[in-house]
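Worksheet: the structure to be examined is printed underneath.
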Amino acid sequence: MNLDAAYQECEAITRREAKNFAYGIRLLRPPERRALSAVYALARRVDDIGDGDQPPAEKLERLAEVRKDLTALDPGSSDPVLAAVADVERRYRLPMGAFGELVDGCEQDVVGATYETIDDLVAYCRLVAGSIGRLSLAVFGGTDLPGAVRMADDLGVGLQLTNILRDVVEDRGRGRVYLPAADARSVGCPPDLADDPAGVARLVAFECQRAREWFGRGLPLLDLLDWRSRACVGAMAGIYFHLLQRIAADPAAVLRGRVSVPAWEKLAVAGTAIAGGHGPRPSERAAGSSS
């Protein structure tokens, strides 16, 4: 397949499906923007399988097909997403094992895995979000920077914990409970999050502090990146941090509907990132300020 057409298809998928991700990716130079669009498009394919309506056995078969595809990538593939990813792998030395980890995490979703401790949940977050952070870091050219891979992974954990907190009701409706059972019991909430709105709100408030701590570990990555990469990551991370602050200010809000950051605020965060802002300052991360 023509590579230009393959990349155009990946960019179309990103424009159509990405939300917060799109605010950051548009700040990159065209080659890196195309590359991250390809990464996003393949990650989206994996996510869509996990979130689909097919029986679990069929989902696992389709995920196994993705694994097989990853072992035989070819820029000449008739599949535009696979063709583009093959080209990105060649240009940017993508850590392709990270896509395998993403599939691992999706398989945990399909089989209905639950998490007893925060360490168990962090391991899952590293699979489904830390993996994307490491793939993105390769596109940014920062894989060899001291500490960068660890910080990209940690920032991914913070982002994924925020996603989990935002979607706690929607996920529960799908039969998925991510928040650690041990934490739930510690705040007097049923581990299945059923029939106790006040308990769920307490648990969400508790986990917001954990998410802040992971942002604090990951955000120093910004200081290591070139300005366009820093703006991209700063915009995405800043939007998620603002979302986390909204949830922390009113933990029960996640039970009433989907908490979101308005478009004007996302644009303001992106503008700050372009101007060289680094998202929440260390003092704010520690104190939980909502600036």
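FYI, it's all coordinate maths here, none of it is from the lab. For clarity, every value in this text was computed on a predicted model and none was experimentally measured. For neighbour counting, all protein chains shown are included, and Cβ atoms are generated from backbone atoms with ideal geometry for every residue, glycine included.
Span-like helix check, the chain: qualifying full DSSP H segments, with Cα axial length of 15 Å or more and mean Kyte-Doolittle of -0.5 or more, are 30-51, 80-92, 97-110, 148-166, 197-218, 227-249, 263-274.
Taking 0.36 nm per intervening residue step and subtracting the Cα-Cα distance, what contour gain separates Arg174 from Glu213 on full extension?
Numbers: separation 39, 0.36 × 39 = 14.04 nm, distance 2.80 nm.
Working it through step by step, the gained length comes to 11.2 nm.
Put the Cα centre of region 131-148 next to the Cα centre of region 245-260 and the gap is 31 Å.
State whether the chain is rounded, prolate or oblate according to the following rule on the C-alpha gyration tensor (a ≥ b ≥ c being the square roots of its eigenvalues): a/c under 1.5 gives rounded; otherwise a/b larger than b/c gives prolate, and the remaining case gives oblate. It is oblate, given that a/c is not under 1.5 and a/b is not larger than b/c. Dividing the summed helix terms, -39500 (n - 2.57) for each DSSP H run of n ≥ 4, by the number of residues in the chain produces a 222 nm estimate of -21500 deg cm²/dmol to the nearest 500. Between Gly130, Gly142, Gly76, the GNM of the chain built on Cα springs shorter than 10 angstrom shows Gly76 fluctuating the most.
Using a simple spin-label model with pseudo-atoms 7 Å out from Cα toward Cβ, Arg150 and Ala252 lie 4.1 nm apart.
For region 1-92, the gyration tensor built on C-alpha atoms gives an oblate shape. Its axis ratio a/c (a ≥ b ≥ c) is at least 1.5, and a/b is not larger than b/c. In a fully extended conformation the segment linking Ala263 and Arg93 would gain 57.8 nm over its present Cα-Cα distance, using 0.36 nm per residue.
Placing a label point 7 Å from the Cα of Thr71 along the Cα-to-Cβ direction, the residues of region 98-124 whose backbone N falls under 14 Å from that point are 100. Annotation for Glu116 and Asp4: the two label points, set 7 Å from Cα along the Cα-Cβ direction, are 5.7 nm apart.
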